[in-house]
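**Student:** Pasting a structure here, questions to come.
Only the coordinates and a few stated rules stand behind these numbers; no lab work does. As the structure is a prediction and not an experimental result, all values here were calculated from the model. Cβ placement follows ideal geometry from the backbone for every residue including glycine, while neighbour counts extend to all protein chains displayed.
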Amino acid sequence: MSRKMSRLYLIPTPLGDYPPSEVLPEPVLALIPGIRLFFVEEIRTARRFLSAAGLRGHIEELELHELNEHTDRAMIESYATLLEKQDAAIISEAGLPAVADPGALLVELAHKKGVEVVPQVGPSSLMLALMSSGMNGQCFAFTGYLPAKKEERKAAILEIEKISSRLKQSQIIIETPYRNDSLFADMIALCKRTTRICIAADLTLPTAFIHTKSVAEWREHPPVIGKRPCVFVLMGN
């Protein structure tokens with residue numbers, strides 16, 4: 001008799017400080033208590049999330065392993081061997097796991113080992129930003145993080161604008177919060193006046209700021225974004 005295939009669940013988390021029951025569908029919350037092996041970005045916040053998601057009083061019974069940008073490939077490969085023995089889940093710090101997230105490496109290895117990958121429904125800051133930007137939702141690209149070095153970042157902005165204009169493609173960009181304002185300053189300094197940029201900050205929170213304007217309009221009244229989660233969507237003309 002063949003062994004039952006184990007599963008790797010991809011469990012989203014709220015983008016803000018909300019109880020999981022206010023954000024995640026009931027079927028997602030219902031499966032969490034049946035899992036004992038979790039791969040998480042940060043142990044402390046994962047424990048808090050799992051406690052609020054229905055495992056209060058049982059956290060010490062769980063097996064939690066860190067999976068973040070500091071986890072090397074060898075460690076992730078050792079995690080992959082655990083997937084063959086029991087069902088497991090990946091939890092990101094916010095939003096969807098494995099999207100702009102180191103969890104993607106474990107998902108890759110799960111496929112290679114024949115583990116069933118089961119994505120769950122939850123919030124995506126990238127899709128929320130795109131759908132609220134008023135830009136092309138049929139042709140878009142997630143560019144991710146731009147280079148940290150200023151000259152490389154400037155070159156990347158100009159290249160992204162050129163691609164967007166040529167393909168009529170929305171370009172979705174994210175940045176480390178403390179570099180939000182310097183990135184935005186470069187974007188409005190370098191891009192054409194008619195290029196549109198959406199700032200989508202603090203998505204789903206009461207402090208959400210979602211506005212799309214042309215570069216010319218942003219130059220007149222540039223906002224201070226500050227150190228908060230932000231997604232930028234750019235559309236060249």
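**Student:** Report the relative contact order of the chain, percent, no decimals, based on alpha-carbon pairs under 8 angstrom and at least 6 residues apart.
**Tutor:** Averaging sequence separation for qualifying contacts and normalising by length gives 21 percent for the chain.
**Student:** Right, next: Test of understanding: in a Gaussian network model of the chain with alpha carbons linked when under 10 Å, which of Ala89, Ala141, Ala98 would top the mean-square fluctuation ranking?
**Tutor:** Maximum fluctuation in the GNM of the chain, among the listed residues, is at Ala141.
**Student:** Kirkwood-based Rg over Rh for the chain (C-alpha set), two decimals?
**Tutor:** My calculation puts Rg/Rh at 1.02.
**Student:** Between the DSSP loop rule and a limit of at most 11 other Cβ atoms within 10 Å, which trypsin sites (Lys or Arg not before Pro) in region 7-81 are left?
**Tutor:** Of the trypsin sites (Lys or Arg not before Pro), the ones in loops of region 7-81 whose Cβ has at most 11 other Cβ atoms within 10 Å are Arg56.
**Student:** Let me ask something additional. State to the nearest 20 debye the size of the charge dipole of the chain about its Cα centre, where the only charges are +1 on K and R beta carbons and -1 on D and E beta carbons.
**Tutor:** 660
**Student:** Specify whether the C-alpha gyration tensor of region 125-235 places it in the rounded, prolate or oblate class, a ≥ b ≥ c being the square roots of the eigenvalues: rounded for a/c under 1.5, otherwise prolate if a/b is larger than b/c and oblate if not.
**Tutor:** It is rounded, given that a/c, with a ≥ b ≥ c, falls under 1.5.
**Student:** What number, in percent, do you get for the relative contact order of region 181-229 if the mean sequence gap of Cα pairs under 8 Å and at least 6 apart is divided by its residue count?
**Tutor:** Result for region 181-229 is 39 percent.
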